[in-house]
Structure formats: structure tokens, C-alpha cells
There are 2 protein chains.
Amino acid sequence: MAKTKELSKDVRDKIVDLHKAGMDYKTIAKQLESIIENSTPGGQILAESKQRSSSDNINPPQTSDNTCIPKDFSCIYSKDLLPALSGEDTTKGFFQELVSVLLSYVCKSFRRSSKVLDFHHPHQLREGLEGFSLDLPDQPENLEQLLVDCRDTLKYGVKTGHPRFFNQLSSGLDVIGLAGEWLTSTANTNMFTYEVSPVFILMEEVLLRKMQEIVGWSEEEGDGVFCPGGTMSNLYSVLLARYHFFPESHYSVKKSAAVLGIGSENVVVVKCDDRGKMIPAELESSIITAKDQGCVPFYVNATAGTTVYGAFDPLNAIADICESHGLWLHVDAAWGGGLLMSKRHRVKLQGIERAWSVTWNPHKMMGAPLQCSAILVKKRGLLQACNQLCAEYLFQTDKHYDTSYDTGDKTIQCGRHVDVFKLWLMWKAKGSEGFESQVNKCLENAEHLFDKIKQRPDFELVFKGKPEHSNVCFWYIPPSLRKMPPGPERNRRLHEVAPKIKAKMMEQGMAMIGYQPLGDKVNFFRCVFSNPATQTEDVDYLLEEIACLGHDICIRIETNL
Amino acid sequence: MAKTKELSKDVRDKIVDLHKAGMDYKTIAKQLESIIENSTPGGQILAESKQRSSSDNINPPQTSDNTCIPKDFSCIYSKDLLPALSGEDTTKGFFQELVSVLLSYVCKSFRRSSKVLDFHHPHQLREGLEGFSLDLPDQPENLEQLLVDCRDTLKYGVKTGHPRFFNQLSSGLDVIGLAGEWLTSTANTNMFTYEVSPVFILMEEVLLRKMQEIVGWSEEEGDGVFCPGGTMSNLYSVLLARYHFFPESHYSVKKSAAVLGIGSENVVVVKCDDRGKMIPAELESSIITAKDQGCVPFYVNATAGTTVYGAFDPLNAIADICESHGLWLHVDAAWGGGLLMSKRHRVKLQGIERAWSVTWNPHKMMGAPLQCSAILVKKRGLLQACNQLCAEYLFQTDKHYDTSYDTGDKTIQCGRHVDVFKLWLMWKAKGSEGFESQVNKCLENAEHLFDKIKQRPDFELVFKGKPEHSNVCFWYIPPSLRKMPPGPERNRRLHEVAPKIKAKMMEQGMAMIGYQPLGDKVNFFRCVFSNPATQTEDVDYLLEEIACLGHDICIRIETNL
């Protein structure tokens, strides 16, 4: 266990003298750190952290100046931690070291001088890079090794919070959200019943109510639940719509058999315009055609913020059609929902208040840590009616508190991870206004990128119009293709450009962006902004990086001719 | 931002002198803490933590002796944290304070002198106890307030890691698992593709492989995925079975419409014996009856460790029947899977290797933090074939690495939370052997409880036989009922006993246990052990507590006569 060296009595006395001389101990300790930081690296702290970080650039932990607590974990095992008797100090010491590793990573994530990723192929990682073994042992490993493993896990991962990570709709590392996640995992409970999650259940209620209000529903309307991701939220919406219109199809004795059952042949894809927005007239004619064929359309899924183009469907026009045909309108605002926080941009979701259900993922545009997704349902009670099995062995109704707060029977998952606290804490920390400026900033970054691309001959926008969301889609046009006439040969070559640039970019690790083909458009880059750490300089950097890597690559394409 | 007081030059020099006298700075710092801890509580550190913990008993953080870092957060806001310029120190300081709060909670969770919960009704919490407001502001709140909110959130929650929390299948607070969760949330990524989760994707592969090996599948067999809870894992199994037998029903253009569709009228409940084990002859006759009615049975769900009784179905006998009728055998070992880690107890799951799919939740018997659940599938490739939509706009196949590691298209969720790292880290820390002794210990606790109850006249076991899992089901029999003959009146009264004891127990907050009725059995307690912190003394405590609370309550029942 902890081996503390004894301080000789006279040195001890000298420190006490310092205190008597009017210096409080905290100030002494504070100053000590800066002295230690500026001293030669002979100190044990620095030496130890060197050992753990010998193979990377993570700074030595600057927070590990604690005392009475072990620093050397090579002879300490998990059995020495809590609940072991007198395991408190050892546990605290271990967490201090861990927190040093984690905070170094957090700080590094925000530094532009650090790489976004250090790419290795699956087989390389699998084989154990620099001694980082993924294998599961029969015998315990010591805590020193575990700390090294933690560092390596982060080292070989991707810094999704880096200002130049543009690869995913979810990006950024909100440190308040992170604090919320640490607390959530420390509380280690389940959204199953009020009795095991009293605070989190109420926070979910408060958050859902707030989100419903923002969507525009009245006080009498609104229900919902946080679920594991937008796909599950959408799944709930279809389930509810079917239950609403066809309650007899309540497929439920076992919940696993309770979910859906709509054939793919019954899913009609409605035509969109060039910008990816649903064409209302197409929707209406699809409905009429389906009815003519003897089908019973009951559910329309409109999107507020598509994944690739960031397109917003015209919700009011779609709601008119749904109303006249008596259809359930679901709005998938997983990505676009964040814009509701902004007075400037929420106009793009006009009509969302007419939806019967809404998917909204705060882990996307609002920057909450993964995962945080809500399904909001306008009609109260439907979630419970649709999903409840009333299994008395799980949900006792004779408990001494208001068991309507036991949400487990409203869901298809039964137990649920606590995804609400981080969002609640972020809301406290930023206020609605903080989210508003965060969203506005992301959209300003998108406009900046759009403006830059318009001015450059080596890039081409997929759409000429100003972006509505933070998605900007574009091609890099290598020199050899700039004068080539449009046509299949140019397309064939252009299609290869983005993957090659991305491969190079991942190898270099200084930025990350996604690409994809869509419809008749060959591979193009999609840049999205959801990370408040990203500045316009990062946007400029991205374009330069692509141009630089692309120029290089196109030469090889040419030699392939 | 951080205001650091200047240390006068002469004091600074004295510290440097201490160093020159042969004392390294770390030792000085270490000793300083103990001096500070033993000094009068006039120091600023103690004063501040008092402020934050004025209304509860959380110890002042013992780890906050860091320097150059703000301690007073009442004028600091989230905008001052990273990614703010020079936000590193402030961020570190905030996390140090947070970690103090969290580690105090962790230590307290394991102390028997602390309460398991501090119960309040929903309306009380909703109204804002002691200034703890759940409302979401428009304006940001300062970080000091956020730290207070964090403390309050934990204060009003339930300590699921407390050695006397017996309420749920998931209990305990594995500190290594917790470390894993903190790292996971810091990494803040998604099991979507290899490119954003290279390490976690490989860890999932390693863990699944290990679990399949433990189940008993050959090297050529085995696939799987971690999902959000056992219900979802089971849902996958039904989905896969249907796809396997009826691939034409691949309902998939939209994943939301891809899931299941089996009417409740088509779910046949097979009769169990008194101990809750499926009766193989009943299964066989159900299959024959269904076939005679023109139905096509295709899926059998056997349970290894039921929720209430902890019963294990006879897997080999069931597998024989499934084989002879060509049915998919799924084993729901969400709760019982942990016993596979124990040479002594895995015999109870004999035959599991014959299953086509297995649900196994390490967040239950293996003590991993919530949530951690896996669906294991014997036949490789089926998950992908069943669930893939091959959306090129999400999963590009022209990337430069082996894209078979992009697992997003194998799942119905698309994006997925990282649930593997904590389990991986726990496995490293404990080894397979550590899990084995943990499981053995939980079952020894169950046997201890069983033995104790057998000896007491005031308790009655629901089953006479020794527990197979760690579930022990029993009634407390109040004095007035002890001599009453069995019959409806005794049952009516006995049914009220457990809820009343539980209500009292929650108000007192010193332990927590669940109850439920089942079949013809009126409300009985179900004690489950999955927390390695629980000792036999805690088991004894529980019985005394129930007897004490029950004795009190039954008087009131009698006066109701």
C-alpha cells in the first residue's frame, strides 16, 4: 500500500515556521507547484509521469502533487482499491493519476498543435503497438499497467473534440457535459424506477418539458423519453404511430416481439428536390397512390436537417398534407433540433410544433457528450399505453410513492442508461442563451467555409445556395480536372479524389472530414460544424490542408491515365 | 480567471532552501498535506469545502491541495473553461473540485455508516429541497453553483454501490469500471466506424471473442455486438432468428421499419416448474400444438437466471428439442451469464454452447457499470446480413482501411455508445480469476442468507431448495401471522407486509431490497447479490433490519382488523 517517506522533524518545523510567518498552507502549496514545475526534472513526480508517458507527448500530469497517497502503482492491484479495507487512499491516489491522464488528454484535444489522430490499421493495433496489448488476462495486472493502458487507449483513439475534427455530426468535447458524464457514471444507476433514480427521473421530466416548450407544444401536450440514439428515437415514433392508429396490433406479451413489423415494401420514399428537401406535391401523390392501391398510409417522417446536405423539409406544407389525410407527422430533428435554440435559425423548422412526435439529439448540434437523444411525443399517455406490459414483478404499484415516475414501463428497453444529467448540467452552465450562441457560431463557421469556397477555383460547391444548417458539401478539383468538361470521365476521376485525400489526411492526422457519394453526385466532402472550439482559422486550415493533399494526389491519378 | 497570490520572495527562498537541504519537492508537498489536514480549519481550502458541503456530511475534499488553479468558482462560468483561451488551468481546477465531490461520494458509498438513500417524494424534489432547483435557466449559472448542484444530485440519489443495496440485479460500484467510464466519456466517441473508434472497436472484438470462447463456441463460430441493455440484446436475437428462417421478410429500407413484427398471439408462454424452470415436455408439446395449428415455430427463448427466482432452464434438454424441430435456441443469460466465469457454478448453464445466440449482461453479475450488455451470435455474418442497409452515404467502402471493422451497419442503432472499455479495463485489472472469485463470493452470500433464514422462525423461504443463483426469495412473517393457518386471509395480510417494510426501509435509508408478487405467491422479498462489497455482516444486518421494521408494522395491520 501507500509508502510515505518521513519528513525529518527539522524540515517539518521549517514549514510550520513558514506558516507562522503569516503564509497560509494553501499559498505555500500553490507556490510549491510552480517551483516544482520550473525545477529540473529530477523530481520523482516528473520521473514517474515520464515513465508512463515515455512513448507519447502527453504532458506530465500537473495536478499530482497530493500526499499520503501512493504514487507508484506497480505493486498495487484492483483488490487493494475500495471496497478493500483502508482502500480509500489508494483509490483516491489511483483516480488522481487517472484524472491526470484524462485532463492531459482533454487539454491536448483542444490544442491545434496536437494531432487529431494517430492512425493505425486494425491489424497493427491488434498485434499490440509498443506493448499495448488488447488481450484479456487470466491473472490481474497491476494498476501501473492499467494507467499505461488508459494512456494508450487515448493515444491511439481519435480526438473528437479537436477543433479540426469535422468528420461527424457529433463533435466537440463540452467539458461541463464531460463533468456530467463523470458524475453519471459515479452515480451508476438506471432510469428504471423513481426509487433508484429519483433525481435523474425528475431531471428527465424537466428537460423533456423544456424541449417540448421549445418545439412549441402547449402545456397540456407532451411526453417523451431519452433513448439510445436517434435511430431508436425514430423507431419509437413509428411504434407509437402504429399503436395510435392500430391499437389492436399491440404486439406485446414479450417486449422483444412488441416492436414494429412494417414491411420494406410498405415504406415509400418521397422524392426530394435538388437540395434534398421533400417535395410536398410528391408526398401528396404518394399518399393518394398508396390509398388507391388499397394501402393505409399512417405515418410521415419529415427531416429537419438531413445528414449529408443538412436540408430542412418544408414542415408546414407537409403538416397540411398530413392533417388533411389524417396521418401521424414525425419530424426527425436529430441534427436540426439544435437550431430551435437560436432565434435567428429556428425559422427553418417552422411548423415543427404541428408534429405528433419529434426526434432531437442534443449530442449533435448542442454538443452534449454521446449519447443524448430524445423522442418527444405530443400526446400524453401514449408511450405508456403503447409499451406497458404492467409486469408487477418489475413495477410494483403498491409502493409508497407516486409510481407514475417509474418510467421503465414506458420504454422498450426496460432499464435505461442515464443520459439526462450531462444535458441538465450543461443547461445550467450555459443557459438557453449559451446554447443559442453556440449554435449561431457553428452556422457562422459554415457560412465562412461557404464564402471561402465560392472564391476559390480549386473547390466547387455541391449547391450554390447558402447553407441552411452547418453542412457544407463540396469537391476539391485537382488541377488536371479543372479544365476537363463535365461528363463520365471527369466524374470517374473526381470520385477518386476525396477518398484519396481522406486517406492521406488520416495518415497525417492533423484534421478529419468525411465524404460520400449521394444520388448522381460522385464522392464529395461534407464538412459539418458542431464543435464550439472550432474557429474560422480552423476552417481556413482545412481548405489549405485539402488543397495541399489533393494537389499531391491528383498527380498520381494523372499517371494512371 | 485564476487569481494567484504572490508568495513573498523570502518565503519562496525558504522553500528552495528546503529543497537544497536534500528534500525533494514532492516530499515537501506530501508532508504539507498532512500538516494542512492537521491544522486548525482556518485554511481556505477547508473553509471552501465546508461551504459546498454545509448541508450534508460529505467530507471536505482531501485531494484539493493543488496550486496555480482557482479554488473559488463563484465568479467563473463555463465560458471560462476550455476551449476558452488559457482555460486549461481553470478547467483543471474545476475538475479537481468535481473529482473531490465524486470521490467523497465513492468513499461514502462503501461506508456502512452512511445511508443508502435519503428518500424524498417526487413533489418534494420537484419543489427544490434546500435550494436545489431543477429548473433550466436562460442565463448561465456560475461553476460554484454547478458544483453545489453536483453534490446535491448525488446527495438525493441512491447509493447503488452501498454494501446494503440489495434492490437490483445491477449493484456495486466497481472502481476500475468507474475509471473506465470516465475515460470512455473523455474519449467521447461512437462505435460507428473504425475510423472514429479504432481502439474500442478492436476491444469489442476481443471481448466478444473471449465471451464466445467462455460460452463454448468454436473458433469458427461467433459474432456479436454490445447493445443498450438486455432487452435490446434479446430483441436482436428474435430479429436474427426471423431473418435466418425467413430472409425474405428483411423489412429494411428504413431501419426503424426493420425491427420485428411478431404478434403477441404468436408468443407462446411455456409452463415452468415450481422453481421457475422451463419444463422441456411442455416446450415440446407447445411446439407440436403450434405446428398442428399451421403455425411455424422458429425461436425458443430459454433463460439462464430468471429475474426473480434466479432459475436456470435445463438447457441441454431444451437444445435437444430445438435441434429435433430445427428451431433457433436463444439463451437469455443476462443475469446468469456471470456464472460462466466460475468453475464451480458454470455447470448450471450446461448446454449454453448449443445456443444459436446468447444475451449476457456484464453489468449485472460481473459488476460492470451500467450499461454493458452483449448479444452473442453463433453464426458469423448473420448480424451484418440481417441489419445492413449498405448506405454508402454513411459507410463508405472505398476507405483506405479494412472497412469490415465499421460495425455501424451490423446494428439497428447505427451510432452506439462505447460500452466495452470499462469491461475491458476490469478484465485487465481482475483477470478472469478475479471475476471468478467475485461471482463465487456473491453466491456464498446467497447461501449464507439462505442458511440464516432457514434457522429463523420469523422468516419463510419461498423455496426450500438451496439457491442456484444469488437470488433468495423469502417472506418476513410478522408475529400475528405466525400461527395463522395458510389461506386467503393470511395471504391477504402477508401481501401487505413487504411493501410496508420497504416503505419504512426507504424512509430510514439504511438498506434497500426489492419485493414483488409472482404467480400465486403474494408479495415476497427478493434479495440478490452482485456487489462484491457486500459481506456476510451486511446480510445479517438486512435480516435484522427487516425483522425490526416488520415487527413494528404488523401491529398496525392488526389494529386494522
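The values are calculated or read from the model by the stated rules, or taken from the named source; none is laboratory data. For clarity, every value in this text was computed on a predicted model and none was experimentally measured. Here the Cβ positions follow ideal geometry from the backbone for every residue, glycine too, while neighbour counts run over all protein chains shown. Calculation scope for accessible area: heavy atoms of the full protein, side chains included, ligands and nucleic acids excluded. Shrake-Rupley method; radii C 1.70, N 1.55, O 1.52, S 1.80 Å.
A compact table of results
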quantity: Surface accessible to a 1.4 Å probe, B:Lys159 within the full protein complex, Å²; calculated: 20
quantity: Partners for B:Lys108 among aspartates and glutamates (Cα-Cα distance below 15 Å; same-chain residues under 8 apart left out); calculated: A:Glu88, A:Asp89, B:Asp56, B:Asp118, B:Asp152, B:Asp174
quantity: Amide H contacts under 5 Å for B:Asp458, placed H, 5+ residues apart; calculated: none
quantity: Residues whose placed amide H lies under 5 Å from that of A:His363, excluding near-sequence neighbours; calculated: A:Ala368, A:Cys372
quantity: Label point 7 Å beyond Cα along the C-beta direction, distances from A:Glu219 to other copies (nm, shortest first); calculated: 6.9
quantity: Inter-copy separations for B:Glu489, label at 7 Å along Cα-Cβ, nm, ascending; calculated: 10.1
quantity: Charge tally in the Cβ shell below 13 Å around B:Gly305, where Lys, Arg are +1 and Asp, Glu are -1, B:Gly305 excluded; calculated: +3
quantity: Taking the convex hull of Cα positions in the range A:354-503, its mean projected area over all directions (nm²); calculated: 15.0
quantity: Cα-based equivalent ellipsoid, the range A:283-331: semi-axes from gyration tensor eigenvalues, Å; calculated: 22, 11, 9
quantity: Residue-wise HN-Hα coupling along the range B:106-122, computed from phi with Karplus coefficients 6.51, -1.76, 1.60 (Hz; x: Gly, Pro); calculated: 4, 4, 4, 4, 8, 7, 5, 6, 8, 6, 6, 8, 10, 6, 9, 6, x
quantity: Rg over Rh, two decimals, the range B:417-475 (C-alpha only, Kirkwood Rh); calculated: 1.20
quantity: Cα coordinate range in the range B:369-446, projected on the principal axes (Å, largest first); calculated: 52, 24, 22
quantity: At R0 = 60 Å, FRET efficiency that the Cβ-Cβ distance of A:Cys295 and B:His121 yields, to 0.05; calculated: 0.75
quantity: Amide proton proximity set for A:Ile76, modelled H, under 5 Å, gap of 5+; calculated: A:Leu143, A:Glu144
quantity: Using θ = phi - 60° and Karplus 6.51 cos²θ - 1.76 cosθ + 1.60, couplings along the range A:124-129 (whole Hz; Gly, Pro as x); calculated: 5, 5, 5, 6, x, 6
quantity: For q = 0.22 Å⁻¹, Debye-computed log10 I/I(0) when each Cα of the range B:75-215 counts as one equal scatterer; calculated: -1.31
quantity: Mean separation of Cα contacts under 8 Å, 6 or more apart, over the residue count of the range A:420-561: relative contact order %; calculated: 27
quantity: Rounded to whole Hz, the Karplus (6.51, -1.76, 1.60) HN-Hα couplings of the range A:270-278, x for glycine and proline; calculated: 8, 5, 10, 7, 4, 7, x, 9, 4
quantity: Pairs from A:Lys92/B:Lys428; A:Lys378/A:Lys428; A:Lys343/A:Lys441; A:Lys159/A:Lys464 whose Cα-Cα separation, in the structure shown, is over 22 Å; calculated: A:Lys378/A:Lys428; A:Lys159/A:Lys464
quantity: Cut-off 13 Å between beta-carbons: net charge of the residues surrounding A:Arg111, Lys and Arg +1, Asp and Glu -1; calculated: +3
quantity: For the pair B and A, total buried accessible area rounded to nearest 100 Å², probe 1.4 Å; calculated: 16300
quantity: Total formal charge among the other residues, if their Cβ is under 14 angstrom from that of A:Leu169, Lys/Arg +1 and Asp/Glu -1; calculated: +1
quantity: Contour minus Cα-Cα distance for A:Ser86 and A:Glu282 (0.36 nm per residue); calculated: 63.6 nm
quantity: Residues in the range A:536-554 reached by a label modelled at A:Met484 [backbone nitrogen below 20 Å; 7 Å Cα→Cβ]; calculated: A:546-554
